[in-house]
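Q: I have a structure here, written as structure tokens, and I will follow up with some questions on it.
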Amino acid sequence: MSASTIALTLIFGIVAVGSFIGFYAGSRYKMDLEQWTVAGRGFGLVLVWLLMAGEVYTTFTFLGVSGWAYSRGGPALYILGYQPLIFVVSFFIVPQVWEVGRRYGLQTQADFFQVRYRNKYLAAFVALVGVVFIIPYLQVQLTGLGIIVEVASFQGIGRTPAMLVAFALVAAFVFVSGVRGVAWVCVLKDFLLLFAALFVGIAVPYIYFGGVGPMFAALARAKPEHLVMPGATKNLGHAWYVSTVLLTAFGFFMWPQNFGAAFTAKSGNTLRRNAVIMPLYSITMPLMLFVGFTAILVLPGMSNGDLALLTLVRKTFPAWFLGLIGGAGALTAMVPAAILILSAATLFAKNLYRPIFAPSMTDQQVAKLARIMVLVITAAALFFAIHSSATLVSLLILGYAGVAQFFPGVALGLFSRRVTMPGVFAGLVAGIFIAGFLMLSKRDPYLGLNAGFLGLCGNLVVTAVVSLLTPMEPSGLVENFPEGVVP
């Protein structure tokens, strides 16, 4: 058998096992809207940890981190900066979100805005923004899948066919099994990802340089500028680093899929414990950086840094190992893609289409429409992935610039009665406009700062000013406020 056949056989075998787990996990339950979206709110610590890890550690971790280390250098270190901070934020915010979700039967992020601010148009706008900015994150997963199969097949199979086949499987088990299927596939995916990261991240520097320390010493001699800011870029300096770390820390649990994952937990304490132990998973990040930095010296001149990890594995290890790593990477793309598709489909059907266009729809009809939207959203993401050339990390930062704008509405909505619906609505529009204008006009970073962070700052200012200028409104959360939240 040829090397490409061996590698592809292992990849397809791992994907097949993961897909079977996804289908089987949902087959034992009646998939009504509650079960499909939040699994009956019955996940304990282990499944919540695996589900959230499945959303945190994606193709961005597997290929994007090493890719940016290879092509950008120093600026890639922002990835290590935001990791601890996102769980500090989640420790204080996410359990309160869960409590609101339990008391009011929430299933999506837009449901929170609907209940707290009592305005269906704000909730519908939140749903629309969530769907729009999920698309770039889906592109990350699709593009990563294409890269994995392309490299593992030694360019024998193109990216587009690989993306079509894999995401047909993803859409199918999301369609059938919902969030429960995604969580159980995470068990296999996380085991393989941790093995791949630990082995490759340590073995590759050792094989070529005798260890991580000698690898950095060789890189410092050959390309010392690559290890400091702004690295191989012209404008990603320290101000960009700090602003991007803050944007990511505030924005991480504002992703609709991460927000919605909180509703699957049994209790708020499950989420607090999860916030404490989740940073242990971050060991994968520096290991992927080691691989990218090693590739700079071993594989110089690559035009696409996202290819660095798999190309280095292909050069270093036998074909069966490339297949094992490729299979881990494929699941690392498919699992987050599944929860992204599920979140976007539910937002569209439940919080955008029903309240605005068909208020009389039943939950059963909403669930049916959401399943149809699984196919539509997957097709849209495929289209953009095929026609886009952006790097994986750039796509992710674009998504963060949008979803981070939800933070003022959530945090202030939980802890202050003075914030008003007009203030949150105006702030959200202002933040998205500022970030979008700067990015589309190629002014990102602007004054050295991340455009999304500038949008978030503008959002906070507009939210505060408009809220102070408009009358205080009754909050939908005033009665039975969650413990620890100030009414």
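Q: Ranked by accessible surface with a 1.4 Å probe, highest first, in what order do Arg314, Arg443 come?
A: Arg443, Arg314
Q: Probe 1.4 Å, all protein chains in place: accessible area of Leu63 in Å², nearest 10?
A: 0 Å²
Q: Oh, and also: State in Å² the accessible area per residue of the chain; use a 1.4 Å probe, count heavy atoms of protein chains only, and round to the nearest integer.
A: I get 36 Å² per residue for this part.
Q: Report the accessible area of Ile432, computed with a 1.4 Å probe over the heavy atoms of all protein chains in place, in Å² rounded to the nearest 10.
A: Rounded to the nearest 10, the figure is 40 Å².
Q: What is the local net charge at Pro359, summed over the other residues whose Cβ is closer than 14 Å to its Cβ (Lys, Arg +1; Asp, Glu -1)?
A: Around Pro359, the surrounding residues sum to +2.
Q: Once you have the Cα-Cα distance between Ala3 and Ala168, take 0.36 nm times their residue separation minus that, and quote the gain in nm to one decimal.
A: Extra length from Ala3 to Ala168 when fully extended: 56.8 nm.
Q: Per DSSP H run of at least 4 residues, take -39500 (n - 2.57); add these up for the chain, divide by its residues and hand me the 222 nm value, nearest 500 deg cm²/dmol.
A: Mean residue ellipticity, 222 nm, calculated: -24000 deg cm²/dmol.
Q: Taking every alpha carbon pair in the stretch 348-435, what does the distance histogram look like in 5 angstrom bins from 0, in percent?
A: Going out from 0 Å in 5 Å bins, the stretch 348-435 shows 2, 11, 13, 13, 17, 20, 15, 6, 1, 0 percent.
Q: Contact order normalised by length for the chain, with contacts defined as Cα pairs under 8 Å and 6 or more residues apart; what percent is it?
A: 31 percent
Q: Can you compute the charge dipole magnitude of the chain about its Cα centre, using +1 on each Lys and Arg Cβ and -1 on each Asp and Glu Cβ, nothing else charged? Give it in debye, rounded to the nearest 20.
A: The dipole magnitude comes to about 180 debye.
Q: Report, in cubic angstrom per residue, the convex hull volume of the C-alpha atoms of the stretch 335-487.
A: 174 Å³
Q: Continuing with this model, one more query. Could you rank Phe407, Phe92 by how accessible they are, 1.4 Å probe, largest area first?
A: Phe92, Phe407
Q: In degrees from 0 to 90, rounded to the nearest 10, what is the angle of the helix 363-387 Cα long axis to the longest principal axis of the chain?
A: For 363-387 against the chain, the angle is about 40 degrees.
Q: Also: Order the following by accessible area, largest value first: Glu473, Glu150. Probe radius 1.4 Å; ligands, DNA and RNA are ignored.
A: Glu473, Glu150
Q: Moving on to the next point. So which lysines pass the test for Lys315, namely a Cα distance under 27 Å, with those fewer than 8 places away in the same chain ruled out?
A: Straight-distance partners of Lys315: Lys189, Lys223.
Q: Which value, in Å² and to the nearest 10, is the accessible area of Thr58 when all protein chains are kept and the probe is 1.4 Å?
A: Probe radius 1.4 Å; accessible area of Thr58 about 0 Å².
Q: Give the distance, in whole Å, between the Cα centre of the stretch 365-394 and the Cα centre of the stretch 402-472.
A: So the two Cα centres are separated by 26 Å.
Q: Can you tell me the length gained on complete extension of the stretch Thr362 to Leu468, counting 0.36 nm per residue apart and subtracting the Cα distance?
A: Residue separation times 0.36 nm, minus the Cα-Cα distance, leaves 34.4 nm.
Q: Per the 1.4 Å probe, what fraction of the accessible area of the chain, in percent, lies on carbon and sulfur atoms?
A: 69 percent
Q: Further, regarding this structure: Taking the chain as the reference, fit the longest principal axis to its C-alpha atoms, fit the long axis of helix 120-152 to the helix C-alpha atoms, and give the angle between the two in degrees, 0 to 90, nearest 10.
A: 10 degrees
The values are calculated or read from the model by the stated rules, or taken from the named source; none is laboratory data. If you're wondering where the values come from, they're calculated on a predicted model, not measured in any experiment. Positions of Cβ are backbone-derived with ideal geometry, glycine not excepted, and every protein chain shown enters the neighbour counts. Remember, those area values only see protein heavy atoms, side chains included, never the ligands or the DNA or RNA. Shrake-Rupley method; radii C 1.70, N 1.55, O 1.52, S 1.80 Å.
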